[in-house]
Amino acid sequence: MARNIQSLERAAAMLRLLAGGERRLGLSDVASSLGLAKGTAHGILRTLQAEGFVEQDPASGRYQLGAELLRLGNSYLDVHELRARALVWTDDLARASGESVYVGVLHQSGVLIMHHVFRPDDSRQVLEVGAMQPLHSTALGKVLSAYDPVAHAQAMEVERDPFTPRTVTDAVGFEEILGLTRARGWAADVEETWEGVASVAAPIHDRRRMPVGAVAVAGAVERVCGEAGEPRAALVASVRDCARAVSRDLGAGRF
């Protein structure tokens, strides 16, 4: 029988230790709890930190679990389950709004469209499942960046290209948009990615209240937005209701 790799066993034990008890632990706490020399514990923590599995508080020097574990945990939720839970609700949203509906998840520093409901009319449309959208300009991407720390980090690291004159590319302006998104619970894209197109999106959470995706309605600006150029309140409410319904079906409870 093959022997287990000791360094991996120690790293796993370290992650379990940080996952329970106090939120943050110092190097001495970690070493003594696991019966390791400080040098050994520090080497493992430094490696885990480099991979994003552990974060160190700059003020106290204590360690806690990192954002990358959130991404791995969310990936445990099969995207097929997310799509299955969203099917009925997104169909209802498309019928009620008269617009296309999308469900997106974070993937490779962008938004992967994993479900698409056509606009309920006779117009010619192209299925966009599998397509990628940017994080910084789309409503789906803004929602993911606002609620998911991994998406936020990726959105800040990548080149934020100006797709139209309305695209916000500077870091300060983008952070302000994310703050507004968190404050009101939804995000908009009014001709920031495509001329003449507007969209509204809201976050989907799982049973742990973790963000696992977002749902959006997209259509022509004159249909999605009112005279003031802002998304119609009734449409925003419908998108948020759909996101809450999918979240409840995933076990998130009431938001």
remark   = Within the range 51-83, the residues that are open to solvent by less than 60 Å² (accessible area, probe 1.4 Å), at pLDDT 85 or above and more than 24 Å from L25 (Cβ to Cβ) are L82
ask   = Picking from A228, A245, A233, A198, which residue would you name as being farther than 20 Å from A151 by Cα and modelled with pLDDT under 95?
value = A228
remark   = Going through the range 229-238 in order, the residues found to be in a loop (DSSP other than H, G, I, E, B) and not basic (K, R) are G229, E230
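Taking the condition part of a loop (DSSP other than H, G, I, E, B), over 26 Å from A234 (Cα atoms) and open to solvent by 50 Å² or more (accessible area, probe 1.4 Å), does P120 pass?
So P120 fails the test.
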task = Out of L87, L144, L140, report the one residue that is touching a Phe, Trp or Tyr at 6+ places or on another chain (Cβ under 9 Å), closer than 16 Å to R244 by Cα, in contact (Cβ under 8 Å) with a residue 12 or more places away in the chain and not acidic (D, E).
result = L140
ask   = Within the range 149-190, restricting attention to residues that are among the hydroxyl-bearing types (S, T, Y) and out of contact with any Lys or Arg (no Cβ under 6 Å at 6 or more places or on another chain), which residue is surrounded by the fewest Cβ atoms within 10 Å (Cβ to Cβ)?
value = T164
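Out of curiosity, is H107 open to solvent by less than 60 Å² (accessible area, probe 1.4 Å) and either closer than 22 Å to C242 by Cα or without any contact (Cβ under 8 Å) to a residue 60 or more places away in the chain (or both)?
no
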request  = Determine whether D121 is among the charged types (D, E, K, R), under 30 Å from A183 (Cβ atoms) and over 21 Å from the mean Cα position of the chain (by Cα).
outcome  = no
query = Given the conditions (1) part of a helix (DSSP H, G or I); (2) open to solvent by 60 Å² or more (accessible area, probe 1.4 Å), and given that L144 satisfies all but one, which numbered condition is not satisfied?
reply = (2)
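The values are calculated or read from the model by the stated rules, or taken from the named source; none is laboratory data. Just so we're clear, the structure is a prediction, and the values are computed from it rather than from any experiment. Heads up, the Cβs are rebuilt from the backbone with ideal geometry, glycines too, and the neighbour counts pull from every protein chain shown. For accessibility, only protein heavy atoms count, side chains too; no ligands or nucleic acids. Shrake-Rupley method; radii C 1.70, N 1.55, O 1.52, S 1.80 Å.
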